[in-house]
1. Restricting to the range 54-99, give me the number of residues that are touching a strand residue (DSSP E or B) at 6+ places or on another chain (Cβ under 7 Å), in contact (Cβ under 8 Å) with a residue 24 or more places away in the chain and among the aliphatic types (A, V, I, L, M).
2. Filter the range 323-362 down to residues that are of a type in the set (S, T, N, Q) and away from the ligand (no atom under 15 Å from the Cβ) and give me whichever is farthest from the chain's Cα centre (by Cα).
3. I'm told Q201 meets every condition in (1) at pLDDT below 90; (2) within 14 Å of the ligand (Cβ to nearest atom); (3) more than 25 Å from the chain's Cα centre (by Cα) except one. Can you identify the failing condition by its number?
4. For the range 310-322, which residues satisfy the criterion of being more than 9 Å from the ligand (Cβ to nearest atom) and either part of a helix (DSSP H, G or I) or of a type in the set (D, E, K, R) (or both)?
5. Output the number of residues of the range 338-362 satisfying the condition of being in contact (Cβ under 8 Å) with a residue 60 or more places away in the chain, touching a strand residue (DSSP E or B) at 6+ places or on another chain (Cβ under 9 Å) and closer than 17 Å to W395 by Cα.
6. Taking only pairs six or more apart or across chains, which ones have beta-carbon atoms under 6 Å, a first residue in the range 162-178 that is modelled with pLDDT of 85 or more, and a second residue that is assigned to a helix (DSSP H, G or I)?
7. For residues that are out of contact with any helix residue (DSSP H, G or I) (no Cβ under 7 Å at 6 or more places or on another chain) and surrounded by fewer than 21 Cβ atoms within 10 Å (Cβ to Cβ), scanning just the range 288-309, find the one that is farthest from S185 (Cα to Cα).
8. Looking only at strands (runs of 3 or more DSSP E) that fall completely inside the range 116-158, which ones have 2 or more residues that are modelled with pLDDT of 95 or more and of a type in the set (A, V, I, L, M)?
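The values are calculated or read from the model by the stated rules, or taken from the named source; none is laboratory data. Keep in mind that what you see is a predicted model, and the values were worked out from it rather than measured. Here Cβ is always computed from backbone atoms with ideal geometry, including for glycine, and neighbour counts include all displayed protein chains.
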Amino acid sequence: MVGAGIGGAATAVSLRLAGHKVTVLEQAQELAPVGAGIQLAPNATRILAQFRVAEALAPHALVPQRHVRRHWRDGTVLGERPLGDAVAARYHAPFWHVHRADLHAVLLSAASSPAGPGRAAVFRFGAEVTGLWVSGTTAEVVTSRGERYRGDLVVGADGVHSNLRALLFGSAISRGIPRGVAYRSLIPVSKLSRGPEASFQDILGPDPAITQWLSPGVHFIHYYVSRGRYLNAALLRYGAQADPVVESWLREADRREYLGLLAGWDPRLVALAQLADTVFCTGLYEREPLAEWVRGPVCLLGDACHPMMPTQAQGAAQAIEDAWYLGRVLRAADPGSLAGALAAYQQERLPRTAAVQRLSALDQGKGLGERPGPAAADRPGKPEEEPADFSPYEWLWPYGEDSSPIG
Ligand SMILES: Cc1cc2nc3c(=O)[nH]c(=O)nc-3n(C[C@H](O)[C@H](O)[C@H](O)COP(=O)(O)OP(=O)(O)OC[C@H]3O[C@@H](n4cnc5c(N)ncnc54)[C@H](O)[C@@H]3O)c2cc1C
């Protein structure tokens, strides 16, 4: 495995359960608890249960009871969809909000713990993969320190700026079209009592929810993570920019610029956004699906092969699905049957992730029936039709419902 992010760690669990010996090479010297909120729809939590990590993650997860859509100017509720029990009853798996670091930690532990089925995966940190050689049925990677690792299979789960993808298919395809900026922050819930508490209560609601504030071209989403200790706040600003922002989860934003984007918004939301001490920002890029993910005994997985806009909140979920399916096709595989197994992996996963990529790209700043622009911003806005049931997710959330466990 190249990369120990969510996709790499999930694949290490899946391949361990499938009976394989796994070495994971990660460029970071150590894995710090970075990132913020991740939404895990039932297509992801169902697989986490099969990976036997759901029990360890549950104490860190929060179940949103509703998805509420509000108007940016005054908070008028535009629509609502029940989540919580309604999701669990329909899809036999929960909808969770987690901190990325908590999800990452339980996956790493399940992959590397001496307890558990099969052989524990071995993690090598400070191992940035810079070279790849394929010879017959084996592949070899080399790190920037000159260490070499050989395997029957190399999986490139090295994220959106994947070296493995560039080594396999060339670097031009990774650039993408800049589509906007995402700002994200974590607000300690203890801080909510320092503001106009009653106003916050009004917009946060009586029970945990995902709340999405819609303006033409800017969406603001907030939900609780870490079992309700933090409110995860994300502002997505769509549209072309003269100076596109780099794509990085670790870049600090200009706080004044961030708050400036909320000028004229509901004062309760502005007061909420002001409680964030540190705000991070990353560029949003749209990319066309790749034509292929596999070359000989090498395949790609997760953001390395299907980086997507965050509008469907499916980036981590799709990486987890990839990991699960790869474990399934490799359950009984040996070097002789690897090519067929990888072909099956690509055939199953590429069209589905391409559909999620395309859907995520379609939904840029929509929701009030208008495209960005000053005239539109002055109008009260007419909400686009958004069904209150689960019909938009019927093709997405049942994934893997009728399959047997891997290990
Ligand atoms: C630091 C960080 C914070 C994030 N925070 C959030 C968040 O708050 N909310 C959210 O929704 N999503 C977040 N994401 C993105 C989200 O985790 C991914 O989109 C999704 O989970 C897909 O996972 P992935 O494993 O494909 O990619 P990633 O999670 O990006 O993992 C890729 C891994 O590969 C490693 N790597 C890269 N190049 C090499 C190389 N050449 N050799 C060895 N290792 C390499 C990286 O260091 C990284 O650990 C974050 C990603 C990162 C890396």
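1. Number of matching residues: 8.
2. S337
3. (2)
4. Of everything in the range 310-322, those that are more than 9 Å from the ligand (Cβ to nearest atom) and either part of a helix (DSSP H, G or I) or of a type in the set (D, E, K, R) (or both) turn out to be T311, Q312, E321.
5. Residues that pass the stated criteria total 1.
6. S162/A304; R165/A304
7. G296
8. 129-135, 138-143, 154-156
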